[in-house]
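Read the structure below first, then the notes.
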Amino acid sequence: MVTVSGGIAIPLLLSILVLHVAFPGSSASDGLVRIGLRKKPLDENSRLATRFSEKEIRDLMSRRFGLRGDVESNGDEDIISLKNYMNAQYFGEIGIGTPPQKFTVIFDTGSSNLWVPSSKCYFSLACYFHPKYKSEVSNTYQRNGKPADIQYGTGAISGFFSEDHVTIGDLIVKDQEFIEATREPGLTFLVAKFDGILGLGFKEISVGEAVPVWYNMVEQKLIREPVFSFWFNRNADDGEGGEIVFGGIDPNHYKGEHVYVPVTQKGYWQFNMGDLLIDGKSTGYCAGGCAAIADSGTSLIAGPTTAVAEINQQIGASGIVSQECKAVVAQYGKQIIRLLMLQTKPIKVCSQVGLCAFNGAHGVSTGIENVVADENTEASAHLHSEAMCNSCEMAVVWMQNQLLRNQTEERVLNYVDELCERLPSPMGESSVDCAALDSMPVISFTIGAKKFNLKPEQYILKVGEGGQAQCISGFTALDVPPPRGPLWILGDVFMGVYHTVFDYGNLRVGFAPAA
């Protein structure tokens, strides 16, 4: 959810719910198999439920990035329609077993396992509010029994592996290994609008080394090409949520040509991204390149706090004031500027002012007490010193970028102090003034030497109608530590604007303007 300065909380995901799904899909004259969807507004209880659902997705995101058929398709491609939750979450329907038992799942390129609730889930209340897989009524069930445990920020999904046929549109994936979840603790799964998750990532991140559904589609030659693509319909008033196309690309879903970049690390669909621009001007953060992934399971665009705070400052987003950050600017700002002007390496500046220790690669907390210290416990002192170190490193990036623009010392300090006030809230989201969209800048990501622009109406999510409408920034902070990070996670806010192709055969990701 979004926390604003007055203590008001608003839900991130609000007003769309699928009422009916036709299953299985029908064939169109172009050989593509489509599944139609309808939507209706949520009531107040469902609004509360989707608030918890988004928290669960964010927790899943932070945990995973902070680590470590018998019936042939009527065409060469298969399409699964998606449900749209206020342009923030998308779901589709699959079947497991023979005859198929229906489940609503997130098609998630940021994970690789398929899991749904099990009929043997007796002690988790969440299981009583979602369909449960019943192995005893399936003619194609095969016992496996290997234990499974997927960790989430709010708990864990645990259970055991089974094997059965999985129906996706008109495709039947035979003998697919999946998880029967027998424990779903916590409120998040109780109120979630999805039943399970179907992962479309690489097998390298598959729990239990289970072969992902996508791999079996290719191995069983159910599709023409080892390619799948996403089209997200960002029109919240439209009944369609979007489509996934398995085995090819629907030319009606994009304009122009795709820009392709190679996958640099298998697991997530990870690639190299270039500079991040605000109204055509470099932020300085990714001038030397950044890692990024395309992730259909993440609603917003997630990036390092340093960069997200600068974006939020430019769009007038309001987060929680960071006292540590402002204290660093007040007490060490001039010293940091002088060190940068003396050509001190930025990664060493915070160690030279005494806020970090330099370990040869980057700054780490020194454990010292400083400025706004909370000395009640040793733990709080450590957390404080770590926050001061992190704040210093952010300030160095911001100051260096402003100095490159020949700004005066006074303007640099004032600018960075403003950025401190734009640091996101603990949940990562920030609110904006809906009436100010026309004055907000264009945010651009450089991918494959091409700029991919996002206009304000594309990166701002509006909740509610008329005078009651509230708006939130589509950018959320998530600091992924090395060696995987820093990392940008281009979720549905980005993929809704740019049709995205996941080319497994050529190990590349492609982007083109969505039609």
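The values are calculated or read from the model by the stated rules, or taken from the named source; none is laboratory data. Here the structure is a predicted model, which means the values were calculated and not measured. Every residue, glycine as well, gets a Cβ built from its backbone with ideal geometry; the counts of neighbours run over all protein chains shown. In case anyone asks, the SASA skips ligands and DNA or RNA and just uses the protein heavy atoms, side chains included. Shrake-Rupley method; radii C 1.70, N 1.55, O 1.52, S 1.80 Å.
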Selection over the stretch 412-423 where residues are assigned to a helix (DSSP H, G or I) and in contact with a helix residue (DSSP H, G or I) (Cβ under 7 Å, 6 or more places away or on another chain) yields a count of 8
Could you tell me whether any residue of the stretch 234-247 is under 30 Å from Tyr285 (Cα atoms), open to solvent by less than 60 Å² (accessible area, probe 1.4 Å) and of a type in the set (A, V, I, L, M)? no
Here are Gly267, Gly248: which of them is under 28 Å from Ser158 (Cβ atoms) and in a loop (DSSP other than H, G, I, E, B)? Gly267
Of (1) among the small types (Gly, Ala, Ser); (2) open to solvent by 10 Å² or more (accessible area, probe 1.4 Å); (3) in a loop (DSSP other than H, G, I, E, B), Ser158 satisfies every one except (3)
Exactly one of Lys281, Lys266 is open to solvent by 20 Å² or more (accessible area, probe 1.4 Å) and under 22 Å from Gly485 (Cβ atoms), and that residue is Lys266
So in the stretch 483-515, with the set limited to residues that are assigned to a strand (DSSP E or B) and farther than 20 Å from Ser112 by Cβ, which one is most open to solvent (accessible area, probe 1.4 Å)? Pro513
Return the residues of the stretch 286-321 that are over 17 Å from the mean Cα position of the chain (by Cα), crowded, with 22+ Cβ neighbours inside 10 Å and assigned to a loop (DSSP other than H, G, I, E, B); say none if nothing qualifies. Cys286, Ala317, Gly319
Enumerate the pairs (first residue in the stretch 151-171 and modelled with pLDDT of 95 or more; second residue anywhere and hydrophobic (A, V, I, L, M, F, W, C) and surrounded by fewer than 19 Cβ atoms within 10 Å (Cβ to Cβ)) with beta-carbon separation below 9 Å, excluding pairs fewer than 6 apart on the same chain, so at least 6 apart or on different chains. Thr167/Phe23; Thr167/Val71
Positions within the stretch 286-305 being more than 23 Å from Lys455 (Cβ to Cβ) and among the hydroxyl-bearing types (Ser, Thr, Tyr), in sequence order: Thr305
